[in-house]
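Here is the structure we will look at, set down as structure tokens.
What follows draws every value from the coordinates through simple rules; no lab data is involved. Here the structure is a predicted model, which means the values were calculated and not measured. Don't worry about glycine lacking a Cβ; one is built from the backbone with ideal geometry, like all the others, and counts go over all protein chains shown.
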Amino acid sequence: MNQQDTREDFLTLGPDDPPVDFSREQAAYEREKARLVRDHPGQIALIYGDDVVGAFACADEAFLEGFRRFGLVKMMLKEIRDPDPPDFVSLVDIDHPSVQKLD
Amino acid sequence: MGKYVAAAHDHLTVPARVLQTQGQEQAFRLLGRPVPDPVPVRLIIDTGSGRSTLVPSVIDALLPALRRASRIETSLAAVVTTLFWVRLEFPGTRLATIPEHAVARLPLPPLLHSFQGVIGRDLLRRWESLLFEGRRGRFTLRDSPGWLRMWFRG
């Protein structure tokens with residue numbers, strides 16, 4: 001593990017902070033989605049920056065592999081599934097600053 | 001086999017403790033960082049929600065690193081939030097610990113400020129049953145089949 005890669009600021013969130021931006025990691029997942037859905041349905045993908053690192057049986061396994069390679073850095077985990085519909089949640093304060101509304 | 005029986009008041013609630021997953025605790029220890037203390041919470045069972053949630057203050061106290069972006073639909077708007085994998089324990093019940101589960105970081109409406117999150121159908125699916133007995137004024141959660149059902153199954 002390279003200690004220089006241990007940038008832990010990303011861990012700290014304030015109660016009013018908006019959602020974490022994962023647009024780069026999400027784009028990387030979308031590029032590989034067809035292959036992942038075909039070969040690893042139901043598993044967890046680990047994405048670091050622009051790279052899909054691999055698919056794992058559970059979230060902890062994915063995280064520990066990412067930690068071993070890169071340290072405690074911003075990574076994204078994603079359940080590999082298709083279709084992947086949005087979740088419905090009924091009890092939400094959508095006016096809270098931590099919530100980002102979509103147009 | 002674990003179960004939890006409680007009175008059904010205005011809300012069906014379950015006491016829980018939220019922790020980092022074991023993998024993340026292991027990473028923190030390797031780095032010499034203090035592992036955040038478990039956070040006690042009271043969760044509302046909401047069969048209308050497809051995703052379980054925790055309020056931002058609970059998530060923020062745990063510093064969870066296992067994350068992804070998530071699109072959530074509500075009755076009023078579509079929103080973006082972050083999903084975090086956490087461990088859930090249920091002290092005071094006989095429900096087994098859930099080692100990792102992805103919950104959305106979402107604030108509850110102000111009228112529900114005494115609660116810290118929602119148990120949605122994603123979590124209920126991991127358990128055997130939720131039984132609501134209206135006239136008896138109680139509900140029962142089981143995380144695995146009861147002994148009678150196991151006996152019938154042979």
**Message:** Can you give me the Kirkwood hydrodynamic radius for segment B:10-126, using every pair of distinct Cα atoms, in Å to one decimal?
**Reply:** 14.6
**Cut-off 12 Å (backbone N to label point 7 Å along Cα→Cβ of B:R33), residues of segment A:52-68** = A:67
**Fill in**
Here segment A:64-78 yields Karplus 3J(HN,Hα) values (6.51, -1.76, 1.60; θ = phi - 60°; whole Hz; Gly and Pro given as x) of 5, 5, x, 5, 5, 7, 10, x, 8, 10, 5, 9, 10, 9, 8
**Item:** Charge context of A:D21, other residues only, Cβ under 12 angstrom, K/R +1, D/E -1
**Value:** +2
**Prompt:** For chain B, modelled as a GNM with alpha-carbon contacts under 10 angstrom, which of B:S129, B:S49, B:S75 fluctuates the most?
**Reply:** B:S75
**Item:** Charged-residue dipole, Cβ positions (Lys, Arg, Asp, Glu), the protein assembly as shown about Cα centre, Debye nearest 20
**Value:** 1040
**Request:** Before rounding to the nearest 500, sum -39500 (n - 2.57) across all DSSP H runs of length at least 4 in the protein assembly as shown and divide by the residue total; then give [θ] at 222 nm in deg cm²/dmol.
**Result:** -6000 deg cm²/dmol
**Asked** In peptide A:62-70, how many Cβ atoms from other protein chains are near each Cβ within 10 Å, on average?
**Response** 4
**Prompt:** Across the residues of B:108-120, average count of Cβ atoms on other protein chains within 10 Å?
**Reply:** 2
**Request:** Would you kindly work out the equivalent ellipsoid of segment B:57-154 from its C-alpha gyration tensor and give its semi-axes, the square roots of five times the eigenvalues, largest first in whole Å?
**Result:** 29, 18, 14
**Message:** Taking only the Cα atoms of the protein assembly as shown, how large is their convex hull per residue, in Å³?
**Reply:** 149
**Fill in**
Expected vector for segment B:135-140, Karplus 3J(HN,Hα) from phi with 6.51, -1.76, 1.60 and θ = phi - 60°, integer Hz, x for Gly and Pro, equals 5, 7, x, 8, 9, 10
**Complete:** Amide H contacts under 5 Å for A:F88, restricted to residues at least 5 apart in sequence or on another chain and with H modeled in the peptide plane, are B:G50, B:R51, B:E73
**Student exercise, chain A dipole from Lys, Arg, Asp, Glu Cβ charges, in Debye to nearest 20** = 440
**Message:** Per q in 0.11, 0.14, 0.15, 0.19 Å⁻¹, report the Debye log10 I(q)/I(0) for chain A, using one uniform scatterer on each alpha carbon and no solvent.
**Reply:** -0.41, -0.66, -0.75, -1.08
**Asked** How high is the relative contact order of segment B:10-126, in percent, counting Cα pairs under 8 Å that sit 6 or more residues apart?
**Response** 35
**Asked** How large is the charge dipole for chain B, taken about the Cα centre, if only the Cβ atoms of Lys, Arg (+1) and Asp, Glu (-1) carry charge, to the nearest 20 debye?
**Response** 380
**Asked** Alpha carbon centre of segment B:1-23 versus segment B:81-150: separation in Å?
**Response** 5
**Asked** Can you run phi through the Karplus equation (6.51, -1.76, 1.60; θ = phi - 60°) for segment A:24-39 and list ³J(HN,Hα) in whole Hz, with x for Gly and Pro?
**Response** 5, 5, 5, 5, 5, 5, 4, 5, 10, 4, 4, 5, 5, 5, 5, 9
